[in-house]
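Structure record follows, encoded as structure tokens.
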Amino acid sequence: MAVYALGDKRPKIHPSAFVHPDATVIGNVTIGAGASIWPQAVLRGDYGYIEIGSETSIQDGSVIHATADLPTIVGSRCVVGHIVHLEGCHVQDDVLVGSGSILLHRVLCESHSIVGANAVLTNGTVLPSFAMALGVPATIITDKVSKGQFKDSVDLYVENAKNYKRQLKRLD
């Protein structure tokens, strides 16, 4: 896997996490227990700090960055879909971020919320618990998400990561 220190900034990856060999993790990044980082995902902790919680999946092609003043924090049991861009935002525990979404500076997604596919949450947006964000720029619809609504997706990626850790072999 492509894991790099940048000066004295070194990634901290829990031994039970899965980082695909084609993902890139640079600098001040922490990846929690049972988390999974999939192909072509880039976590670049050069300017600021990135934290990925336990049992969270960062799916293919996603880009996670931070600023010197704004860390990017993704809580536990989150699903971050394919080709998502997160920068200087905070995603609390138990959040689904749909494929193609963009979450910009100072965005806060509270627990048990969903960001719909291709939604754009502009600077400072707060997505309340149990709400859904849809569109460009995102419109927030409250009381649309139930607790545990996407638990099956979290569990699927936790098991898939275990399978990949056991069975993935490069064929030249």
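None of the figures in this text is laboratory data; all of them are computed from the coordinates on show. Just so we're clear, the structure is a prediction, and the values are computed from it rather than from any experiment. Here the Cβ positions follow ideal geometry from the backbone for every residue, glycine too, while neighbour counts run over all protein chains shown.
Which members of segment 102-121 meet the condition of being over 17 Å from H82 (Cα atoms) and either touching a strand residue (DSSP E or B) at 6+ places or on another chain (Cβ under 9 Å) or assigned to a strand (DSSP E or B) (or both)?
Within segment 102-121, the subset over 17 Å from H82 (Cα atoms) is 105-113.
Hits for segment 102-121 are H105, R106, V107, L108, C109, E110, S113.
So, in segment 1-16, of the ones that are part of a loop (DSSP other than H, G, I, E, B) and not acidic (D, E), which residue ends up surrounded by the most Cβ atoms within 10 Å (Cβ to Cβ)?
Ranking the qualifying residues of segment 1-16, first place goes to P11.
Pick from segment 67-80 the residues that are over 8 Å from the mean Cα position of the chain (by Cα) and crowded, with 22+ Cβ neighbours inside 10 Å: which of them is nearest to G34 (Cα to Cα)?
R77
Which ones in segment 17-55 are over 17 Å from the mean Cα position of the chain (by Cα) and outside any strand (DSSP E or B)?
P21, the sole residue that qualifies.
Please name all residue pairs, on different chains or six or more residues apart, with Cβ atoms under 6 Å, provided the first residue is in segment 1-12 and is charged (D, E, K, R) and the second residue is outside any loop (DSSP other than H, G, I, E, B) and surrounded by 12 or more Cβ atoms within 10 Å (Cβ to Cβ).
So the pair list comes out as K9/G27; K9/N28; K12/T30.
For segment 17-32, check the following and say yes or no: at least one residue is without any contact (Cβ under 8 Å) to a residue 60 or more places away in the chain, under 20 Å from G81 (Cα atoms) and in contact with a Ser or Thr (Cβ under 7 Å, 6 or more places away or on another chain).
Step one: list which residues in segment 17-32 are without any contact (Cβ under 8 Å) to a residue 60 or more places away in the chain, which gives 19, 22-32.
Keeping just the survivors that are under 20 Å from G81 (Cα atoms) gives 19, 22-25, 29-32.
Those still in the list that are in contact with a Ser or Thr (Cβ under 7 Å, 6 or more places away or on another chain) too: 32.
Among the residues of segment 17-32, at least one is without any contact (Cβ under 8 Å) to a residue 60 or more places away in the chain, under 20 Å from G81 (Cα atoms) and in contact with a Ser or Thr (Cβ under 7 Å, 6 or more places away or on another chain), which makes the answer yes.
Scan segment 23-45 and tell me whether some residue there is aromatic (F, W, Y) and surrounded by fewer than 19 Cβ atoms within 10 Å (Cβ to Cβ).
Scanning segment 23-45 turns up no residue that is aromatic (F, W, Y) and surrounded by fewer than 19 Cβ atoms within 10 Å (Cβ to Cβ).
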